[in-house]
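Here's the structure, in structure tokens; my notes come after.
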Amino acid sequence: MDAERFIAEHIRPIGVSGIRKIFDLAATMTSPIDLSIGQPDFAPPESARTAAIDAIQSGKNGYTPTPGLPALRERIRQELQEEFGWEPEVAVHCGVSGGLTLALLACLNPGDEVVFADPYFVSYTHLVRLAGGVPITVDVYPDFRLHPDRFANALTPKTKAILLNSPGNPTGVVHAAGDVEAVCALADERDLLVISDEIYNKLVYDGTSPSPVTYAPDRTLLLRGFGKSYGMTGWRMGYSAGPAAVVQEMTKLQQYTFVCAPQPFQWACVAAMDADVSPHVTDYRRKRDIVSEELDGVFEFVRPSGGFYVFPRIPSGYATATEFVSAAIRREVLIIPGSVFSAHDTHFRISYAAPDERLRAGCRILRELAR
């Protein structure tokens with residue numbers, strides 16, 4: 001039997017995630033300096049761990065309502081009301097990636113265009129295509145700002161949505177308030193949906209990260225999660241908030257796909273939302289400063305203001321980021337080439353979600369490779 005003939009044509013162009021390739025490679029190495037994976041190196045809050053265990057032990061292991069536990073949805077609404085004075089429809093999903101998948105499936109007709117910045121998170125182009133849409137990227141090199149004029153030039157009559165990500169992956173850049181406001185004005189003028197991926201919203205180090213909710217609350221679909229901020233990436237917990245018509249259609253699709261997010265971890269998220277994450281923010285601000293100091297003067301990069309990534313340009317002497325990353329891997333330093341996130345292969349991503357001594361050791365080797 002030729003099993004290949006059963007594979008759908010729209011799946012064939014999708015390669016294995018470059019990030020997961022490095023993740024799998026790390027598992028085969030004895031003691032790599034892993035600066036590749038965007039995963040916090042701190043544990044979930046004790047209150048969240050206890051809540052998950054208590055839920056399991058007390059028999060809270062079945063399905064929940066499709067949009068999530070009422071207690072968790074109410075806690076999310078409370079936080080959004082306090083932050084924005086906003087009362088959107090809310091649904092809980094299996095991570096922000098799960099929410100984004102449902103959002104694109106719910107909103108895109110064949111040929112609809114979704115506009116977002118390049119560099120971008122690795123899944124954006126593939127998820128848009130899987131939903132029948134067309135990804136349109138806007139080059140924001142070299143400073144990784146939004147550049148609203150470039151976005152304006154990318155819009156066409158087929159544009160359905162603008163997808164924003166701040167703090168950004170892979171750049172760590174936090175968008176300026178004026179740029180976010182200008183892009184929201186474009187969305188309002190063209191009657192577009194703004195999808196805002198804010199998975200790193202609590203990990204911000206220099207002021208705040210402006211949200212399009214502030215400027216376009218009626219047309220913003222907000223996607224946030226618990227994995228990065230609370231150290232629970234493997235629990236796969238996120239949520240959507242926004243226009244009722246959109247979130248309700250996402251919930252309908254969830255009935256037939258994910259069904260619901262895991263009940264014990266939903267109870268854990270209720271507890272986590274009352275935990276203080278400021279010590280982790282302080283710790284990651286310090287790690288940001290460490291990696292910036294280690295790379296300064298050797299690599300060209302935009303100093304990150306959120307998340308836990310920096311996206312330096314490759315040093316002279318290397319033709320591509322893939323070539324530089326290959327050299328780093330031979331020295332057992334794991335980083336990600338920019339081609340995973342971009343049409344350009346000129347930069348590479350470092351995750352500084354790592355112990356300080358490993359971070360310094362990895363940066364030292366990267367400096368040696370740049371000489």
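Brief remarks follow.
- Hits in the stretch 141-158 - residues which are within 15 Å of Tyr120 (Cα to Cα) and aliphatic (A, V, I, L, M): Leu146
- When the stretch 112-155 is filtered for residues that are of a type in the set (Gly, Ala, Ser) and part of a helix (DSSP H, G or I), the ones remaining, listed by number, are Ala152, Ala154.
- Test: residue in the stretch 156-167 that is over 22 Å from Ala241 (Cβ atoms), surrounded by fewer than 18 Cβ atoms within 10 Å (Cβ to Cβ) and under 20 Å from the mean Cα position of the chain (by Cα): no
- Residue list for the stretch 1-32, filter: at pLDDT 75 or above and either within 20 Å of Val340 (Cα to Cα) or part of a loop (DSSP other than H, G, I, E, B) (or both): Met1, Asp2, Ile7, Ala8, Glu9, His10, Ile11, Arg12, Pro13, Ser31, Pro32
- Subset of the stretch 248-259 that is touching a Leu at 6+ places or on another chain (Cβ under 9 Å) and hydrophobic (A, V, I, L, M, F, W, C) - its residue that is nearest to Leu104 (Cα to Cα): Met250
- So Val183, is it assigned to a loop (DSSP other than H, G, I, E, B) and among the hydrophobic types (A, V, I, L, M, F, W, C): no
- Extreme residue, surrounded by the fewest Cβ atoms within 10 Å (Cβ to Cβ), among residues of the stretch 287-304 that are of a type outside the set (A, V, I, L, M, F, W, C) and touching a helix residue (DSSP H, G or I) at 6+ places or on another chain (Cβ under 8 Å): Arg303
- Boolean, Gly68 is loosely packed, with under 14 Cβ neighbours inside 10 Å, within 29 Å of Lys252 (Cβ to Cβ) and modelled with pLDDT of 95 or more: no
- Hits in the stretch 210-226 - residues which are hydroxyl-bearing (Ser, Thr, Tyr) and crowded, with 23+ Cβ neighbours inside 10 Å: Ser211, Thr220
- Members of the stretch 306-327 that are more than 21 Å from the chain's Cα centre (by Cα), crowded, with 23+ Cβ neighbours inside 10 Å and touching a residue at least 24 places away in the same chain (Cβ under 8 Å): Ile314, Ala321, Phe324
- Within the stretch 220-234, restricting attention to residues that are in a helix (DSSP H, G or I) and touching a residue at least 12 places away in the same chain (Cβ under 8 Å), the residue that is farthest from the chain's Cα centre (by Cα) is Tyr230.
- Residue in the stretch 192-199 that is over 20 Å from Glu74 (Cα atoms), among the β-branched types (Val, Ile, Thr) and touching a residue at least 60 places away in the same chain (Cβ under 8 Å) present: yes
- One residue from Ala91, Ala43 being in a loop (DSSP other than H, G, I, E, B) and in contact (Cβ under 8 Å) with a residue 40 or more places away in the chain: Ala43
- Residue in the stretch 95-109 that is crowded, with 18+ Cβ neighbours inside 10 Å, assigned to a helix (DSSP H, G or I) and at positive phi present: yes
- Meets criteria (within 20 Å of Ser123 (Cβ to Cβ) and out of contact with any Lys or Arg (no Cβ under 9 Å at 6 or more places or on another chain)) for Gly168: yes
- Among the residues of this structure, Ser342 counts as one that is under 26 Å from Ala176 (Cβ atoms), in a loop (DSSP other than H, G, I, E, B) and of a type outside the set (Asp, Glu).
- Residue match in the stretch 269-291 (condition: at positive phi and either of a type outside the set (Val, Ile, Thr) or not assigned by TED's automatic domain parsing to the domain that holds Phe144 (or both)): no
- Identity of the residue in the stretch 345-371, part of a helix (DSSP H, G or I) and basic (Lys, Arg), that ends up nearest to Lys228 (Cα to Cα): Arg358
- Residue satisfying condition, being of a type in the set (Val, Ile, Thr) and assigned to a helix (DSSP H, G or I), within set Val259, Val291: Val291
- Members of the stretch 262-288 that are aliphatic (A, V, I, L, M), within 14 Å of Arg49 (Cα to Cα) and assigned to a helix (DSSP H, G or I): Ala268, Val270, Ala271, Ala272
- Members of the stretch 250-263 found to be more than 11 Å from Met237 (Cα to Cα) and not basic (Lys, Arg), listed by number: Met250, Thr251, Leu253, Gln254, Gln255, Tyr256, Thr257, Phe258, Val259
The values are calculated or read from the model by the stated rules, or taken from the named source; none is laboratory data. All values derive from a computational prediction rather than experimental measurement. As a convention, Cβ positions derive from the backbone with ideal geometry for all residues, glycine included, and neighbour counts pool all protein chains shown.
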